[in-house]
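These notes concern the structure reproduced below.
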Amino acid sequence: MNSNRRKRMIGLVLVFFVCMIGFSTPFQQFAAFPNELRLFSGQLKRLQYGVPVQAEVTVDPQMLNVNGSNEHSLSVNLSKPMSLKPSHSGQTNMQVKLFGKIPFKTVKVKVVPDIRVIPGGQTIGVKVKSAGVLVVGHHAVVDGDGAKHSPGEDAGLKLGDLIVQINGKPVKEVNRIGKICEEYGNTKRPLQITYKRGGQLNSTVLDPIFDAEDRAWRLGLYIRDSAAGVGTLTFYAPDHGVYGALGHVISDMDTQTPIEVGEGQILESSVMSINKSHTGEPGEKRAQFVKEGKILGNIERNTQFGIFGKMTEQPGHSFSGKALPVAFSEDVKEGPAQILTVVNGQKVERYDIQIVHVSKQSGPATKGMVIKITDKRLINKTGGIVQGMSGSPIIQDGKMVGAVTHVFVNDPTSGYGCFIEWMLQDAGVLDQESQTNADDAA
């Protein structure tokens, strides 16, 4: 009996110590040691784990230097910062042995070409034409029997549907619909409608109704083919000739459906005034286009991370015009940072913020970080984040790390930001293969 009690006591003590070790800081720091690292060629990266252990690190010195050394194997103290500097892009392994003898971990190191972009901050005008005609509402038409109904709704068309073809021919402009309806009045041949819903093509048949009051044939639909507004340029990548802006998708104001871009343009814009944000009521920049004939670039894509395209002419009034390195999402940390934006005219200014939360994301996703405006100058001018500020670049430790995307309605000094790497991917600057997040990245 005493023997059984001793065994149980010993077992309980062992369980206690295992739990203590598991929750101990050194053990957690060991567990945080990454399985994979992503680095930009030529950029120095510092790792700090604060583990009071001597280790031997083995690398390919032709590709990766540790603590400035060209040695194949190097003894390092893991309680001190360890610096890594890759010389060229590619993949290699870094082997770590504790006390120089005990194999601990083999870290896959993925090195991608160095990327530098010119931060934006300028307010830009945005003009977008959709890749079809968007259904934004239904309206009743009186038929020959005096009954009111919508032919479009009867045909199964819903708000947010994008009409791309009628009778096998592409349709991109609202005024083209009126002409097609006139042709129907002469032929009475039902219209074969091809539309897109949720990314899928569908078809239906529609018979317009003659509106006796307007003396015209009607579909019973409210439709739209374009949108315009203002936002903020996030970056320009001079080596690729492309830009990214807004940080979030452009959606139709009535249906909240993302606009599928047929063509579009970005132009210079100037801020005329600010409607300040208040709790429960986000403010906005009031801006106007400058020289509408002066086109800065086209719009090729409209994604969850903003608009992207070729930039043919850089906008003036940049903050410095100097290209900055960019950071992977795992390199963004909680702490001070800055944003670049315009609150008056076309002058880009820098304002202090705090990154208060960073999300671990294993793939492209919005809401990568929570930011808070701390600069009293910006709060006094705008009340915090306002509409039209989305896309303002976020800079931390001299690197471009993200863009402002949304404001918190109940606290306009705070909002969300997205990571710059997702915008670079959608712009075609950073390969998707290089984007795979490191497991338990530092």
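The values are calculated or read from the model by the stated rules, or taken from the named source; none is laboratory data. Nothing here was measured: the structure is a model prediction, and the numbers come from that model. Methodologically, a virtual Cβ is constructed for each residue, glycine included, from the backbone with ideal geometry; neighbour enumeration extends over all protein chains shown. Quick note on the areas: whole protein, heavy atoms, side chains included, nothing else; ligands and nucleic acids left out. Shrake-Rupley method; radii C 1.70, N 1.55, O 1.52, S 1.80 Å.
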- Note on the structure: Per the filter on region 362-395, residues touching a strand residue (DSSP E or B) at 6+ places or on another chain (Cβ under 9 Å), open to solvent by 10 Å² or more (accessible area, probe 1.4 Å) and closer than 19 Å to residue 330 by Cβ are 364, 365, 366, 367, 370, 395
- Qualifying residue in region 265-283 (condition: under 20 Å from the mean Cα position of the chain (by Cα), open to solvent by less than 60 Å² (accessible area, probe 1.4 Å) and modelled with pLDDT of 90 or more): yes
- Task: Take the residues in region 337-358 that are of a type outside the set (A, V, I, L, M, F, W, C), in a strand (DSSP E or B) and open to solvent by 10 Å² or more (accessible area, probe 1.4 Å), then tell me which one is farthest from residue 370 (Cα to Cα).
- Result: 345
- Message: For the condition of a type outside the set (Phe, Trp, Tyr) and under 29 Å from residue 430 (Cα atoms), what is the one hit in 56, 36?
- Response: 36
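So that you can scan it fast, the table gives a plain yes or no per residue for (1) loosely packed, with under 12 Cβ neighbours inside 10 Å; (2) modelled with pLDDT under 85; (3) in contact with a helix residue (DSSP H, G or I) (Cβ under 9 Å, 6 or more places away or on another chain); (4) not in a helix (DSSP H, G or I):
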| site | (1), (2), (3), (4) |
| --- | --- |
| 13 | yes, yes, no, no |
| 21 | yes, yes, yes, no |
| 29 | no, yes, no, no |
| 55 | no, yes, no, yes |
- What do you reckon, is residue 84 modelled with pLDDT of 85 or more and surrounded by 15 or more Cβ atoms within 10 Å (Cβ to Cβ)? yes
- Between residues in region 308-336 that are assigned to a helix (DSSP H, G or I) and residues that are acidic (Asp, Glu), which pairs lie under 7 Å by C-beta distance while being six or more apart or on different chains? 329/421
- Task: Quickly run through region 165-187 and pick out the residues that are open to solvent by 30 Å² or more (accessible area, probe 1.4 Å) and either among the hydrophobic types (A, V, I, L, M, F, W, C) or assigned to a helix (DSSP H, G or I) (or both).
- Result: 174, 175, 176, 178, 179, 182, 183, 186, 187
- Message: Among (1) in contact with a helix residue (DSSP H, G or I) (Cβ under 6 Å, 6 or more places away or on another chain); (2) under 14 Å from residue 297 (Cα atoms), there is one condition residue 225 misses while meeting the rest; what is its number?
- Response: (2)
- Query: So which residues in region 232-264 are part of a strand (DSSP E or B) and open to solvent by 20 Å² or more (accessible area, probe 1.4 Å), if there are any at all?
  - Reply: 236, 251, 258, 261, 262, 263
- If residue 112 passes every condition in (1) out of contact with any Asp or Glu (no Cβ under 6 Å at 6 or more places or on another chain); (2) among the β-branched types (Val, Ile, Thr); (3) closer than 29 Å to residue 228 by Cβ; (4) in contact (Cβ under 8 Å) with a residue 24 or more places away in the chain but one, which one does it miss? (3)
- Message: The conditions are (1) surrounded by 17 or more Cβ atoms within 10 Å (Cβ to Cβ); (2) within 30 Å of residue 285 (Cα to Cα), and residue 152 fails exactly one of them. Which is it?
- Response: (2)
- Residue check, residue 56 farther than 27 Å from residue 326 by Cβ, more than 28 Å from the chain's Cα centre (by Cα) and touching a residue at least 40 places away in the same chain (Cβ under 8 Å): yes
- Query: So, in region 188-215, of the ones that are in contact (Cβ under 8 Å) with a residue 24 or more places away in the chain and of a type in the set (D, E, K, R), which residue ends up most open to solvent (accessible area, probe 1.4 Å)?
  - Reply: 213
- Task: For region 133-147, indicate whether the set of residues that are touching a residue at least 60 places away in the same chain (Cβ under 8 Å), under 30 Å from residue 293 (Cβ atoms), open to solvent by 60 Å² or more (accessible area, probe 1.4 Å) and of a type outside the set (S, T, N, Q) is non-empty.
- Result: no
- Item | Residue satisfying condition, being under 30 Å from residue 185 (Cα atoms), part of a strand (DSSP E or B) and of a type in the set (Val, Ile, Thr), within set 76, 133 | 133
